Amino acid sequence: RVHAIVGARIVAAPGQLIERGTIVMRDGVIIAVGAGVPVPADARIWEGDSLTIYPGLIDAFVMPAEAPGAGGPQGPPFGRPRTPATPAPSRGAAHALSVVRAEMHVSETQPLTKDQAEGLRAAGFAAAQVAPRTGIVRGQSAVVGLGEGDPNDVIVKADAAQVVALEASREGYPGSLMGAIAVIRQAFVDAKWYRDALATYRRAPQGTERPETNLAWEALQTVIAGQQPALFVADEMLEVLRAAAIAREAGVTAQVVGAGDEYKRVRDIAAAGVPLIVPVNFPAAPDLADPDAAVDVSTEELRHWNQAPENPATLARNGVAFALTANGLKDVKSFRANVGKAIERGLKPEQALAAVTTTPARLLGLSDRLGTLAAGKIAN
């Protein structure tokens, strides 16, 4: 339960370097960091003279593995008739639309598979925000430590954000992006009505009709009260701007998971003032070996291949707060290499480190426990 890493090069936080120092940990918590820190007599000593120690990386957006055979988020291919939704059995006191499931809690499930956790941990991640995969108003995310153990042991923050996706339903209503936006806007309006109706009823319940119970509207109360952020999932840069507009209209705090093409409208996104979670799943170079096939490669496709690795640097230059995520990568092992490409294209190393440590810790409301190497922080 007591460990000391001695003689290591320690990057305590972005821009804070201790060339040769010691970290002492007791009962899973850092109790001392620095040069010349005394080692407790009961500590197990780990020689660190060949090591550089960073804070455990944080992935601010991870989704559980998709069930085998599940379709893509946008439903059937274009041109194929959309299958009407069959009437679902009652879900209790829930929302009438099955895509609105704000009452769902990731903390009540097994957040990640063993393979997912091990893959993230091997890439240097020590914690992750796990978000629900399905629905439009999807439910509550959870921040988990990536060590081994059951959910009771690994959950760091049970209800970190309410996840909202700007995407059409796989079947039934809403079958378009316009419909999905309408569902989101209506959900926030209904939550406010529910708050006011309950307040009126509680003041004078006798002789007054009791408002219906709706678990989804109840779960959104922390969001409309400003006590919990809404984490919007966007598929492209225009949806980032749309999410910011929805949040302003509803008066809620927004964070947005982008798609990596924010450079196209970076000034507008900077003006919107929403923090982003940005993937580094940069596109592979188009295959131009066959001249006949090469003519089918669009200028826009070539532009994105060229510009995507510079997206993080472009955001940084324009003052946009962002965290980096491995979401969207076929293999999380390529995360560091892709961040290296972003650094080659202008992202400063300190900015890259902040985007996987201090910035996600702040977005998740966990700066007091994660993100830096300091006394009192979780020793993960």
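The values are calculated or read from the model by the stated rules, or taken from the named source; none is laboratory data. Owing to the predicted nature of the structure, the values given are computational and were not obtained by experimental measurement. For neighbour counting, all protein chains shown are included, and Cβ atoms are generated from backbone atoms with ideal geometry for every residue, glycine included. Side chains included, ligands, DNA and RNA excluded: accessible areas come from the protein's heavy atoms. Shrake-Rupley method; radii C 1.70, N 1.55, O 1.52, S 1.80 Å.
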Filtering the range 247-270 for residues that are of a type in the set (V, I, T) and open to solvent by less than 10 Å² (accessible area, probe 1.4 Å) leaves a count of 3
Taking first residues from the range 234-253 that are over 16 Å from T325 (Cβ atoms) and among the polar types (S, T, N, Q) and second residues anywhere that are open to solvent by less than 60 Å² (accessible area, probe 1.4 Å) and part of a helix (DSSP H, G or I), the pairs with Cβ under 9 Å that are 6 or more apart or on different chains are T253/V223; T253/A247
Wholly inside the range 141-202, strands (runs of 3 or more DSSP E) that include 3 or more residues that are open to solvent by less than 40 Å² (accessible area, probe 1.4 Å) are 142-145, 162-165
Scanning the range 130-140 for residues that are modelled with pLDDT of 95 or more and either under 14 Å from the mean Cα position of the chain (by Cα) or not in a loop (DSSP other than H, G, I, E, B) (or both) gives V130, A131, P132, V137, R138, G139, Q140
Scanning the range 16-36 for residues that are aliphatic (A, V, I, L, M) and surrounded by 16 or more Cβ atoms within 10 Å (Cβ to Cβ), the one nearest to the chain's Cα centre (by Cα) turns out to be I30
Exactly one of K333, K341 is surrounded by 15 or more Cβ atoms within 10 Å (Cβ to Cβ) and in contact (Cβ under 8 Å) with a residue 40 or more places away in the chain, and that residue is K341
Problem set entry | Any chance P55 is farther than 20 Å from N281 by Cα, open to solvent by less than 10 Å² (accessible area, probe 1.4 Å) and at pLDDT 95 or above | yes
